[in-house]
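Engineer: Please find one structure pasted underneath; my questions will follow.
The values are calculated or read from the model by the stated rules, or taken from the named source; none is laboratory data. Since this is a predicted model, take the numbers as computed values, not measurements. Here the Cβ positions follow ideal geometry from the backbone for every residue, glycine too, while neighbour counts run over all protein chains shown. Note: areas computed on protein heavy atoms with side chains; ligands, DNA, RNA excluded. Shrake-Rupley method; radii C 1.70, N 1.55, O 1.52, S 1.80 Å.
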Amino acid sequence: MINIGVLISGSGTNLQSIVDEIEKGKISGRIRVVISNRKDAYGLIRAKKAGIEALYIDKKKFDSEEEFNRKIIEELSKREVELVVLAGYLSILSEEFIEKYKGRIINIHPSLIPSFCGKGCYGDRVHRMVLDRGVKLTGATVHFVDEGTDTGPIILQRAVEVKEDDTVESLKERVLKVEHQLLPEAIRLFCEGRLAIEGRKVRIK
Ligand code: GRF
């Protein structure tokens, strides 16, 4: 049974999708803690409703990004977390954090990486750029986190059609539905030991 820690910053619908799949017995893992850098993240309520420890850690209480990250590491280590999931987490991970959890941090991004990703490209901005560029396909990507932004080895991707009359809201909603399938699937594979990182690639055993 893999101990999972989930980092969030917002509504937590991706968190909810993991909670639901675990409750259905589909994932051989358990969420030991949910940590948010935003006090008002609805995902904290979702965690509490699911009986999961939910922590808000106020970055302003720390002198640096490193100290803030060290506090998160402390809370994860206390609970023997083996897999860190970034589910809409909008804060920097320190080098120390990434080093400590290398190969064990999974992130979900609402586009087909390497398109529409990287610094400053997150949340609704991704869908705005997709619509402005006029691409016919977008999608969701689940990947391991490395030192870069959205540059780690890709685990799963799924395409989503962009419709003529799409707005940011309608497109976001359609992509989120795919995210809610892809993220739990990637976590299930990780917990079954079926993800092999081979250089820049991930092979599913
Ligand atoms: C999702 O679109 C995810 O891809 C992105 O941030 C959003 C989080 O949504 N990283 P939620 O908080 O899981 O509802």
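Engineer: How many percent of DSSP beta bridges within the chain run antiparallel, rounded to 5?
Structural biologist: Close to 45 percent.
Engineer: Follow-up. Note the full-extension length gain between Lys60 and Lys205 as 0.36 nm times their separation in residues minus their Cα-Cα distance, in nm to one decimal.
Structural biologist: Separation in residues times 0.36 nm, less the Cα-Cα distance, equals 47.9 nm.
Engineer: Take the Cβ-Cβ distance between Val168 and Lys136 as r, set R0 to 25 Å, and report the resulting FRET efficiency rounded to the nearest 0.05.
Structural biologist: The computed FRET efficiency comes out at 0.90.
Engineer: At 37 °C and 0.692 mPa s, grab the translational diffusion coefficient of segment 125-205 from Stokes-Einstein with a Kirkwood Rh over Cα pairs, rounded to a whole number in µm² per second.
Structural biologist: In µm²/s, the coefficient rounds to 237.
Engineer: Another question, if that's okay. Identify, among Thr149, Ser64, Val175, the residue whose Cα sits farthest towards the positive end of the charge dipole of the chain, taking +1 on the Cβ of Lys and Arg and -1 on the Cβ of Asp and Glu, with the dipole about the Cα centre.
Structural biologist: Val175
Engineer: While we're looking at this one, here's another question. Over 23 Å between Cα atoms: which of Lys24/Lys100; Lys119/Lys172; Lys136/Lys201; Lys102/Lys205; Lys39/Lys78 fall into that group?
Structural biologist: Lys24/Lys100; Lys136/Lys201
Engineer: Given charges of +1 on the Cβ of Lys and Arg and -1 on the Cβ of Asp and Glu, with all other atoms neutral, how large is the dipole of segment 37-171 about its Cα centre, in debye to the nearest 20?
Structural biologist: 360
Engineer: Just to confirm my numbers, what's the Cα centroid distance between segment 68-104 and segment 155-170 in Å?
Structural biologist: 30
Engineer: Which whole-number percentage describes the relative contact order of segment 1-159, with Cα contacts under 8 Å and a sequence gap of 6 or more?
Structural biologist: Taking the mean separation of contacting Cα pairs over the length of segment 1-159, I get 21 percent.
Engineer: Now for a different question. What does the C-alpha gyration tensor say about the overall shape of segment 38-92? Classify as rounded when a/c is under 1.5, otherwise prolate if a/b is larger than b/c, or oblate.
Structural biologist: Oblate is the answer for segment 38-92, as a/c is 1.5 or above yet b/c matches or exceeds a/b.
Engineer: Normalised by the residues of segment 72-205, what does the relative contact order come to in percent, with Cα pairs under 8 Å and at least six apart?
Structural biologist: This gives 21 percent for segment 72-205.
Engineer: State, to one decimal in nm, how far the label point of Lys48 lies from the label point of Glu74, with both points 7 Å from Cα in the Cβ direction.
Structural biologist: 2.3
Engineer: Could I ask something else about it? Which value, to two decimals, describes the C-alpha radius of gyration of the chain once divided by 2.2 N^0.38 Å?
Structural biologist: In units of the globular-protein estimate, the chain measures up at 0.98.
Engineer: Please sort 149-157, 1-9 by packing, taking for each peptide the average over its residues of neighbouring beta carbons within 10 angstrom, highest first.
Structural biologist: 1-9, 149-157
Engineer: Also: Let me cross-check Asp63: its accessible surface, 1.4 Å probe, with only protein heavy atoms counted, in Å² to the nearest 10?
Structural biologist: Roughly 150 Å² of Asp63 is accessible to a 1.4 Å probe.
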